1. I'd like to check something: does region 163-173 contain any residue that is within 13 Å of the ligand (Cβ to nearest atom) and assigned to a strand (DSSP E or B)?
2. So for region 192-199 (the condition being without any contact (Cβ under 8 Å) to a residue 40 or more places away in the chain, out of contact with any His (no Cβ under 9 Å at 6 or more places or on another chain), within 16 Å of the ligand (Cβ to nearest atom) and assigned to a loop (DSSP other than H, G, I, E, B)), does at least one residue qualify?
3. Just name the residue that is surrounded by the most Cβ atoms within 10 Å (Cβ to Cβ) out of those in region 92-131 that are polar (S, T, N, Q) and over 21 Å from Thr19 (Cα atoms).
4. Does Glu169 satisfy being over 22 Å from Val210 (Cβ atoms) and of a type in the set (Asp, Glu)?
5. When you check Ile134 against the structure, is it crowded, with 17+ Cβ neighbours inside 10 Å and closer than 26 Å to Trp45 by Cβ, yes or no?
6. Condition test on Ser189, is it touching a helix residue (DSSP H, G or I) at 6+ places or on another chain (Cβ under 7 Å) and either surrounded by 24 or more Cβ atoms within 10 Å (Cβ to Cβ) or not in a loop (DSSP other than H, G, I, E, B) (or both)?
7. Select from region 174-186 the residues that are small (Gly, Ala, Ser) and in a loop (DSSP other than H, G, I, E, B) and write down the one among them that is farthest from Val139 (Cα to Cα).
8. Quick check on region 1-49: of everything there that is assigned to a loop (DSSP other than H, G, I, E, B) and among the acidic types (Asp, Glu), which residue is modelled with the highest pLDDT?
Amino acid sequence: MLGKWELGETLTSEIPEYTSKELSAKTWPDLARLFEKPEIGDAWWCWCTHHHVESYSAHENAQPRTRAERAVRNRRQKEKLVRNGRAHGVIVYANQEPVGWCQYGPREELPRIDHSSNYRNLAPTDEKKKLWRITCFVVDKNYRKGGVASTALKAVLEGIRNKGGGLVEAIPVSRTDQGSGYMYTGTVSMFQKAGFKTVGPFGTGRTTTVVMRRTI
Ligand SMILES: CC(C)(COP(=O)(O)OP(=O)(O)OC[C@H]1O[C@@H](n2cnc3c(N)ncnc32)[C@H](O)[C@@H]1OP(=O)(O)O)[C@@H](O)C(=O)NCCC(=O)NCCS
């Protein structure tokens, strides 16, 4: 199903009204429902676990070989993190159906970036401020380019504010011509619109990303 608003028509009244909920043990089945959809791309096997672990070697002890095996392992790990209160995010719904999500959390919960050599010179110097990270977006292909990720970002910033705020960090892509699969950390323009400023270049390989921050 392609939303009519994606076809260049001006049927703004048909854009569904999005609602959002924080990830919790109660909303876990909704996240699972989203990740089980065939329309979500590579998230089906990742389950947004990548940023929860320090490195491949830490994560891939007794590494499963296939993506299907990783999907089983990652889903189990994600559910455990959720039940232990160690995974945060916002699920976006259209007509009660989960259609997208954005992962965030305190630095300790999403430590992977700390272990990148590109990050060392960009790490914040003010240790007193709590550091939050926004690491992943996933949107159902049928709802892309309809503002789901932007809605999720807004709700995430609200969630961080409600938890006391601090310094919020993201690593969005500066190039948007490589396809939506490369844009899972969001885009620079999304974060600019949300008041973030660029700190410096981060990913310089296959995906070109920058570190952006703002205080909430
Ligand atoms: C990237 C993604 C999250 C964007 O979600 P979305 O709901 O379509 O985004 P929005 O409609 O809120 O748009 C956000 C911004 O991105 C831009 N954008 C969205 N899709 C785009 C695309 N394919 N190409 C270029 N720009 C795009 C929009 O124009 C908008 O820019 P603006 O803020 O300057 O107006 C979505 O395409 C997606 O889920 N991709 C797959 C990610 C993935 O694989 N995740 C799992 C990794 S394991």
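1. Yes, because at least one residue in region 163-173 is within 13 Å of the ligand (Cβ to nearest atom) and assigned to a strand (DSSP E or B).
2. Looking only at region 192-199, we keep the residues that are without any contact (Cβ under 8 Å) to a residue 40 or more places away in the chain, and these are 192, 195-198.
From the residues that got through so far, the ones that are out of contact with any His (no Cβ under 9 Å at 6 or more places or on another chain) too are 192, 195-198.
Next cut, within 16 Å of the ligand (Cβ to nearest atom) only: 192, 195-198.
This time we only want the ones that are assigned to a loop (DSSP other than H, G, I, E, B), so: 195-196.
Yes, the conditions are met somewhere in region 192-199.
3. Within region 92-131, the first condition is being polar (S, T, N, Q), and the residues that meet it are 95-96, 103, 116-118, 121, 125.
Next cut, over 21 Å from Thr19 (Cα atoms) only: 116-118, 121, 125.
On the way: Ser116: 13, Ser117: 6, Asn118: 16, Asn121: 9, Thr125: 5.
Selected residue: Asn118.
4. On the way: over 22 Å from Val210 (Cβ atoms): no; of a type in the set (Asp, Glu): yes.
No.
5. So Ile134 passes the test.
6. Values: touching a helix residue (DSSP H, G or I) at 6+ places or on another chain (Cβ under 7 Å): no; either surrounded by 24 or more Cβ atoms within 10 Å (Cβ to Cβ) or not in a loop (DSSP other than H, G, I, E, B) (or both): yes.
Criteria not met by Ser189.
7. Quick first cut of region 174-186, residues small (Gly, Ala, Ser) only: 174, 179-181, 186.
Those still in the list that are in a loop (DSSP other than H, G, I, E, B) too: 174, 179, 186.
Details: Ser174: 19, Gly179: 13, Gly186: 11 Å.
Among them, the one singled out is Ser174.
8. As a first pass, look at region 1-49 and keep what is assigned to a loop (DSSP other than H, G, I, E, B): 1-3, 8-11, 15-17, 23-27, 36-37, 41-42, 47-49.
Narrowing further to those that are among the acidic types (Asp, Glu): 9, 17, 36, 42.
On the way: Glu9: 40, Glu17: 92, Glu36: 96, Asp42: 87.
Checked region 1-49; the qualifying residue modelled with the highest pLDDT is Glu36.
The values are calculated or read from the model by the stated rules, or taken from the named source; none is laboratory data. Fair warning: this is a prediction, and the values are worked out from it, not measured in the lab. Cβ atoms come from the backbone with ideal geometry, glycine included; neighbour counts cover every protein chain shown.
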